[in-house]
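Have a look at the structure below before the remarks.
The values are calculated or read from the model by the stated rules, or taken from the named source; none is laboratory data. Note that the structure is a prediction, hence the values are computed from the model and not measured. A quick note on method: Cβ atoms are made from the backbone with ideal geometry, for glycine too, and the neighbour counts reach across all protein chains shown.
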Amino acid sequence: MDHALERRYARLSQWGDVAHALGLLIPLVVLVGWAIGSDAMTRFFPGVIQMNPLTAVCFLAVGAALWVRRNEDGPGALTVPRAVGMVVALLGLVVLAQFVLGVRDGIDRVLFRGTLGTNAMALNTAVCHVLLGAGLAQLRRRPALAEAALTGVLLVALLALYGYVYQVNLFYQIGQRIAMAPHTASCFTLLASAALLGNARRGVAGRLASDGPGGGITRTLLPVILAFPFVTGWVLLGGARGDLFDMPAGFALFTVLVTGTVSVLVWRHAGILDHQYAVGRRLEAEAHQARDAAQAADARFRDAFDHAAIGKALVGAEGAWLEVNPAVCLLLGYTEPELLARTFQDITHPDDLEADLELVKQVFNGDIPSYLLEKRYIHKQGHIVWALLSVSAVRSAEGAFLFFVSEI
């Protein structure tokens, strides 16, 4: 396999490992914070929502299941992720059902009830748990469905993170319900990414690592598409809020910058694709010329074989006639199908067979390159035909025997 491709596989796997480790560390710190009563450890950032302890437990369970799945042939690699995914999805569904039924003190408020206060699981958090659990449960059986669910997790979680950066409550809070905490959104992003990057040889990550033009374009464009609008929008929004310019001017500037950047990227990659297309056309033309040359050479060989004045034949290792020309058929009195149904042993005079077989063995073993033997064949009509036989072997580039070439 190409070394560059292997390096990309390894790099994606390393990024997945980093996301996996962080996705385990954050909820572990939160749970310790709930256990010892540390407000800073449960919030991570001053003034933001605390991560719900049940959410933290779900994150740790998903992280542990992804760890078990790292060895796809190991014990529990199939059953543990499925079981954990189903439980996490079920917990998310229960929280959603609590909201529909108007239950205020439900399963998300069981852990650390004495210090939990008003904390509960957010609705968008419950939705992400359903999607994350479903994606984890279906990673092996229905990878396309799993990737769709995990992509949904990324969209909801990234929307929440955008909301915190841009200070847009609608992106991380549904109605008057409790909001998704920023470190909760971060964990969803990390664990969903770890699951998608868990096997870089297929699916989303396989496309990222691909040697094809699609992989190259994705690796180049995706970071820019994800980062540039986000950073540019945040900077321009800050400028508008700081009265450096008004909101319409900031929006217009954002549009111009994004349009210009995307146009440059499209133009650049159009040139790359045109170059690859030209190279492909040239290689296709060269392959066509080589194919035509091979066909012409084969036709010349066939003409020389069929119209030779002496008998020519290709013979297998066990003595079967593989191909014979008309001169052989005329010499021995058999039609081509009749000869191809026989071996040379069948029509060799018994008194000459042992010497012929010994020489054939030596050529086959490579002890001698060829031999010349005067021998007797038995004609189809029963009489003896004397002939001078020349035999050599054709071998592959690796030296493996292919067939004998006989001239009679």
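Within the stretch 352-408, which residues are surrounded by fewer than 10 Cβ atoms within 10 Å (Cβ to Cβ) and of a type in the set (G, A, S)?
Matches in the stretch 352-408: G382, S396, A397, G399, A400.
Is it the case that the stretch 134-142 has a residue that's out of contact with any helix residue (DSSP H, G or I) (no Cβ under 6 Å at 6 or more places or on another chain) and hydrophobic (A, V, I, L, M, F, W, C)?
no
Filter the stretch 11-22 for residues that are in contact (Cβ under 8 Å) with a residue 12 or more places away in the chain and among the small types (G, A, S) and give the result.
S13, G16, A19
Can you tell me which of (1) of a type in the set (D, E, K, R); (2) surrounded by 19 or more Cβ atoms within 10 Å (Cβ to Cβ); (3) closer than 27 Å to G37 by Cα is the one E147 doesn't meet?
Every condition holds for E147 apart from (3).
Does A205 qualify as being touching a residue at least 40 places away in the same chain (Cβ under 8 Å), surrounded by 16 or more Cβ atoms within 10 Å (Cβ to Cβ) and within 18 Å of the chain's Cα centre (by Cα)?
yes
I need the full set of residues from the stretch 112-134 which are more than 29 Å from the chain's Cα centre (by Cα) and closer than 13 Å to F99 by Cβ, in order please.
Hits for the stretch 112-134 are A120, M121, A122, L123, N124, T125, A126.
Which condition number does F245 fail, the rest of (1) exposed (fewer than 12 other Cβ atoms within 10 Å of the Cβ); (2) over 35 Å from the mean Cα position of the chain (by Cα) being met?
Single failed check for F245: (1).
Take the residues in the stretch 60-111 that are assigned to a helix (DSSP H, G or I) and among the basic types (K, R); name whichever of them is nearest to A122 (Cα to Cα). So that I can check it myself, show each step before the final result.
The initial filter retains those residues of the stretch 60-111 that are assigned to a helix (DSSP H, G or I), namely 60-69, 79-101, 107-109.
Now drop any that are not among the basic types (K, R), which leaves 69, 82, 109.
Numbers: R69: 28, R82: 24, R109: 12 Å.
Residue satisfying both the conditions and the ranking: R109.
Could you check how many residues of the stretch 358-408 are assigned to a strand (DSSP E or B), under 48 Å from the mean Cα position of the chain (by Cα) and aliphatic (A, V, I, L, M)?
The number of residues fulfilling the criteria is 4.
Has the stretch 72-79 got any residue that is within 20 Å of V30 (Cα to Cα), of a type outside the set (A, V, I, L, M, F, W, C) and in the same structural domain as A185 (by TED's automatic domain parsing)? Before the answer, list the steps.
Here is the first cut: in the stretch 72-79, the residues within 20 Å of V30 (Cα to Cα) are none.
No.
From the list T261, T189, exactly one residue is surrounded by 14 or more Cβ atoms within 10 Å (Cβ to Cβ), within 34 Å of the chain's Cα centre (by Cα), among the β-branched types (V, I, T) and not assigned by TED's automatic domain parsing to the domain that holds V100. Which is it? Steps first, answer last, please.
Values: T189 fails: not assigned by TED's automatic domain parsing to the domain that holds V100.
Checking each option against the conditions leaves just T261.
One line per residue, one yes/no per condition, for (1) without any contact (Cβ under 8 Å) to a residue 60 or more places away in the chain; (2) in the same structural domain as L196 (by TED's automatic domain parsing); (3) under 30 Å from G117 (Cβ atoms); (4) in contact with a strand residue (DSSP E or B) (Cβ under 7 Å, 6 or more places away or on another chain):
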position: R7; (1), (2), (3), (4): yes, yes, no, no
position: L24; (1), (2), (3), (4): yes, yes, yes, no
position: I36; (1), (2), (3), (4): yes, yes, yes, no
position: I49; (1), (2), (3), (4): no, yes, yes, no
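Only one of these conditions is not met by M86: (1) in contact (Cβ under 8 Å) with a residue 40 or more places away in the chain; (2) surrounded by 13 or more Cβ atoms within 10 Å (Cβ to Cβ); (3) out of contact with any Asp or Glu (no Cβ under 6 Å at 6 or more places or on another chain); (4) within 24 Å of Q173 (Cα to Cα). Which number is it?
Here M86 meets the rest and fails (4).
Could we say that D274 is over 30 Å from Q345 (Cα atoms) and outside any helix (DSSP H, G or I) here?
The answer is no for D274.
Is it true that A317 is loosely packed, with under 14 Cβ neighbours inside 10 Å, outside any helix (DSSP H, G or I), modelled with pLDDT of 90 or more and of a type in the set (A, V, I, L, M)?
Yes.
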